[in-house]
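Here's the structure, in structure tokens; my notes come after.
The values are calculated or read from the model by the stated rules, or taken from the named source; none is laboratory data. Worth saying up front: this structure is predicted, and the values here are computed from it rather than measured. Cβ: placed from backbone, ideal geometry, glycine included. Neighbour counts: every protein chain shown.
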């Protein structure tokens, strides 16, 4: 896995901080989680999404999850997929 590709994904996710997104995460064995939230922060290896359901909580995902399609982010504003280069 090239760090250059991960850096491009990092930069793209960083440009969407504050945007509302839909998250679809694979949890294995045909299980998946679909949530809607706001990209709150980005760090060196992970990004944080604030989800507001019954009570607010935060979900953290790695940039490698986007690269391997374990997590899919869709910008709710213009319905485009985030993370694909």
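Starting from residues that are under 13 Å from the mean Cα position of the chain (by Cα) and under 17 Å from residue 67 (Cα atoms), keep the ones in segment 22-42 and report whichever is modelled with the lowest pLDDT.
Step one: of segment 22-42, the residues under 13 Å from the mean Cα position of the chain (by Cα) are 22-26, 33-42.
Checking which are under 17 Å from residue 67 (Cα atoms) leaves us with 22-26, 42.
Values: 22: 94, 23: 92, 24: 92, 25: 90, 26: 87, 42: 95.
It comes out as 26.
Suppose we filter segment 49-83 for residues that are touching a residue at least 12 places away in the same chain (Cβ under 8 Å) and either in a strand (DSSP E or B) or surrounded by 13 or more Cβ atoms within 10 Å (Cβ to Cβ) (or both); how many remain?
Selection size over segment 49-83: 23.
Which ones in segment 23-48 are surrounded by 16 or more Cβ atoms within 10 Å (Cβ to Cβ), in contact with a strand residue (DSSP E or B) (Cβ under 7 Å, 6 or more places away or on another chain) and in contact (Cβ under 8 Å) with a residue 24 or more places away in the chain?
Scanning segment 23-48 gives 23, 25, 39, 47.
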